[in-house]
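Each remark here refers to the structure printed beneath this line.
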Amino acid sequence: MKKLIINLLTIGLAAVALTSGQAQEINIENTINVIGQTKPIPVALSGFTGEGAEVLKFDLMVQGFSFVTPDAAQYLINGSDAGIITGSLTDKFAKRVLLSRSYNGASLRRQAHAFADEIVMAITGKPGIAQLRGTTAKIAFKAQPSGYGPGEIYIADFDGHNAQRITSDNAIVAKPAWVPGRLALFYTSYALDNPDIFYHSLTTGQRRKIAGYSGLNTSAAVSPDGAKIAMVLSKSGSANIWVCDADGTHLKQITHGDEDSSPTWSPDGAWICFATKHNERRQLAKVPAGGGPVQYIRTTGASSPTEPDWSPDGKWIAFTSQMRDFNICVVPVDGSLPPAILAEGQNPSWAPNSRTLIFNRSLGYRQTLSVLDVFTKQDKDCARATGSSSQPAWAK
């Protein structure tokens, strides 16, 4: 556990500006007509030959960039990953250097993540996804060595590298969820022979049971301020959405349907979106966080929706559509566009940039994690921890 804490908390990354130009004002969202049909931004990469090139290609592709020859590129990325990351970004059309950096004080992989984030900021004016609160952005997920049955909860960098096992339950586990702004998780485990919800501190390794009622306790979702938890309990006879304080107290039933599942909070904490059965059909719905009338969200063309996740900017709901295959879909919260079907897979989770998703998809007889840019539909598989990996959650 001490090693885990050191890996999570050690920062030590310094960037030295050699020269810099004013970032070009480009608002990518203004170029978006339809989700999944946006053209990627063409860049050329030269001078990077090893791990640095691998990281830059992964990070930039899942944020809407494509790699082309220098003649076809708008932006030129030059540098080296020999020992440390050094690099520059040039706008070929404007004929000016937007960024020039040299990095030290951390691993080469972390240096490359930092450079990728600065490239995204310089071109788009928006933060990249690779770093969060001074360290590499994290995901949590469940891993099953055999692809089914018992498993454990893991955390890793968002690209799947540096995976670390968190639990040692040798039991069915499910649905990890981060506490916003903290190194802590909620998840479900059958460690005590019942599907119970646990809180787990990653800094101390201590955990405690939050919900262990008779029947189902699962799908914990933490409110944006960390004060409340929405979850699925069957203590009233059917699976419904309940809300309690973060310590498990002041429990309140919010929904009363027959099959409610997968709660997710709106960024302002006012609403909870969830999946439910209504008129014998699976639908997405939302309900005030304190309880009240249920409102249904149209997903015409993407049937049997489940596993919704509300984007951090409040504009989108990502979800799984269970048609002939499982598909990752995105729909505007206001219903202004029909759902876009983006990729085969399940369990989408938004990155903080509200345009990148992590999800799991079938790869033979196991599941693997993959990262997807929702606007260009470009995706990259993550490094595999062990066996079958699924139900990812991106730290916020």
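We did not get these values from a lab; they are worked out from the coordinates using the rules stated. Note that this is a predicted model, so its numbers are computed, not measured. As a convention, Cβ positions derive from the backbone with ideal geometry for all residues, glycine included, and neighbour counts pool all protein chains shown.
Annotations for the structure displayed:
- The chymotrypsin sites (Phe, Trp or Tyr not before Pro) of region 312-391 that meet both conditions, a loop assignment by DSSP and at most 15 other Cβ atoms within 10 Å of the site Cβ, are Tyr365.
- Among the listed pairs Lys126/Lys175; Lys209/Lys235; Lys57/Lys126; Lys228/Lys277; Lys126/Lys396, a Cα-Cα separation exceeding 20 Å is found for Lys126/Lys175; Lys228/Lys277.
- Rounded to the nearest 10 degrees, the inclination of helix 108-124 to the longest alpha-carbon principal axis of the chain is 90 degrees.
- A simple rule links phi to the HN-Hα coupling: the Karplus curve 6.51 cos²θ - 1.76 cosθ + 1.60 with θ = phi - 60°, which for region 194-202 gives 8, x, 10, 9, 10, 9, 9, 7, 7 Hz, with x for Gly and Pro.
- Take the Kirkwood radius over Cα pairs of the chain, plug it into Stokes-Einstein at 20 °C and 1.002 mPa s, and you get 99 µm²/s for translational diffusion.
- Between the listed residues Met121, Thr249, Ala174, the Cα displaced farthest toward the positive end of the dipole of the chain, a dipole computed from Cβ unit charges relative to the Cα centre, is found at Thr249.
- Over the chain: helical MRE at 222 nm, DSSP H runs n ≥ 4 each giving -39500 (n - 2.57), nearest 500: -3000 deg cm²/dmol
- Proximal charge balance of Ser238 [Cβ under 9 Å; K/R count +1, D/E count -1]: -3
- For region 121-262, the C-alpha radius of gyration sits at 1.12 times the compact-globule guess of 2.2 N^0.38 Å, with N the residue count.
- Rg and Dmax [Cα atoms of region 222-346; Å; Rg one decimal, Dmax integer]: 14.0, 41
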